[in-house]
Amino acid sequence: MDHAAAGSPDAQSLPGCYRHPDRETGIRCTRCERPICTDCMVNASVGFHCPDCASGRTGGNGPAPAASRPRTLAGGTIAADPHLLTKILIGINIAVFIAVHTLSETFLGDMVLIGQWPPTPYVPHEGVAEGEWYRLVTTMFTHEEIWHLGFNMLSLWFLGGPLEAALGRARYLTLYLASGLAGSALTYLLASPSQATLGASGAVFGLFGATAALVRRLNADMRPVVILLAINLVFTFTWSGIAWQAHIGGLVAGAAIGYAMLHAPRERRALVQYGTCALVLVAVVGLTLLRTAQLT
């Protein structure tokens, strides 16, 4: 909860619209972050824009050149196609799915996440514990069942599009990969070393966590997101055959990264955003090393 300084009335007042200074407002342009009143705000794909940013005008009354440069809500660059990376990620998952069903079974065996194989009393020669760290990544793009692929890709499309537009491509891709890696690392740590897991669910749950941060940043109604997330968590813990560790790991990482990217102070934005991502990656490496030490 935010607290204003006691005994300071000015700290409790809202800023005035940059075009109508007599009108207090709590709304800011998502590009230049100047305060705008309801008469000035222009609907955008994410949040609202001021008239100058919406029309691309600059001038003596506009923001400083650095501030007027088109930026996403998280400070990223505005792209011509704000959903391009989401389409590419879906395409990669579909391509790997086709490869799984057209190539030999060895291909699928090399893509899934598995700690050690074969199990004792045999001498293991495959798995993350045997040096195959790449499995933490390849499992994020691998699906065997069509329903599994379809559910994850639908979720990726509906969640990924708005997040890519709000974050920008670099931040969005970082969020996706870091969330997926966090889900893989927690699965590696807690699941049976001989249990093979696969799917983009860790990364998708990371998008759920970041979506909650986005909705909060826009001061929108949180209830639809909470309800949808609750339904997915119920399936996570009641449906057999689901690696709940990947879901929880991705959700926690996605929420942390999403909050840092969307709520970081503007003057320390890059430090907070990429510092949080670095901490998540350090945790991924730490969990992986810990589990490897346990198994070897």
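The values are calculated or read from the model by the stated rules, or taken from the named source; none is laboratory data. The structure displayed is predicted, hence computed values, not measured ones. All Cβ positions, glycine included, derive from the backbone under ideal geometry; neighbour counts span all protein chains shown.
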The residue that is farthest from Val285 (Cα to Cα), considering only those in the range 124-142 that are outside any loop (DSSP other than H, G, I, E, B) and under 22 Å from the mean Cα position of the chain (by Cα), is Phe141
Residues being without any contact (Cβ under 8 Å) to a residue 40 or more places away in the chain and either in a loop (DSSP other than H, G, I, E, B) or among the aromatic types (Phe, Trp, Tyr) (or both) - total across the range 103-123: 7
Does Leu89 fit the bill of being assigned by TED's automatic domain parsing to the domain that holds Ile248, in contact with a helix residue (DSSP H, G or I) (Cβ under 6 Å, 6 or more places away or on another chain), touching a residue at least 40 places away in the same chain (Cβ under 8 Å) and under 18 Å from Leu207 (Cβ atoms)? no
Given the condition at pLDDT below 95 and either assigned to a loop (DSSP other than H, G, I, E, B) or over 12 Å from the mean Cα position of the chain (by Cα) (or both), answer yes or no: does some residue in the range 208-216 qualify? yes
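How many residues does the range 113-140 contain that are among the aliphatic types (A, V, I, L, M) and more than 20 Å from Gln294 (Cβ to Cβ)?
Of the residues in that region, 2 qualify.
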Here are some conditions: (1) buried (at least 20 other Cβ atoms within 10 Å of the Cβ); (2) touching a residue at least 40 places away in the same chain (Cβ under 8 Å). Ala260 meets all but one. Which one does it not meet? (2)
Anything in the range 136-176 that is free of Cβ contacts under 8 Å to residues at least 40 places away in the same chain and surrounded by 17 or more Cβ atoms within 10 Å (Cβ to Cβ)? List them, or say none. Phe151
So, in the range 239-296, how many residues would count as being under 17 Å from the mean Cα position of the chain (by Cα) and not in a helix (DSSP H, G or I)? 1
Quick one: which of Glu144, Glu130, Glu126 is among the acidic types (Asp, Glu), under 14 Å from Leu198 (Cβ atoms) and in the same structural domain as Val285 (by TED's automatic domain parsing)? Glu144
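For the range 183-205, enumerate the residues that are farther than 17 Å from Leu233 by Cα and either assigned to a helix (DSSP H, G or I) or polar (S, T, N, Q) (or both).
Matches in the range 183-205: Ser184, Ala185, Tyr188, Leu189, Leu190, Ser192, Ser194, Gln195, Thr197.
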Residue check, Met222 against (1) under 18 Å from the mean Cα position of the chain (by Cα); (2) modelled with pLDDT of 85 or more, all met but one. Which one? (2)
With the checklist (1) in a loop (DSSP other than H, G, I, E, B); (2) basic (Lys, Arg); (3) modelled with pLDDT of 75 or more in hand, flag the one item Arg57 doesn't pass. (3)
Could you check the range 276-296 and list, in sequence order, the residues that are surrounded by 13 or more Cβ atoms within 10 Å (Cβ to Cβ) and either of a type in the set (S, T, N, Q) or in contact with a Lys or Arg (Cβ under 9 Å, 6 or more places away or on another chain) (or both)? Thr276, Cys277, Thr288, Thr292
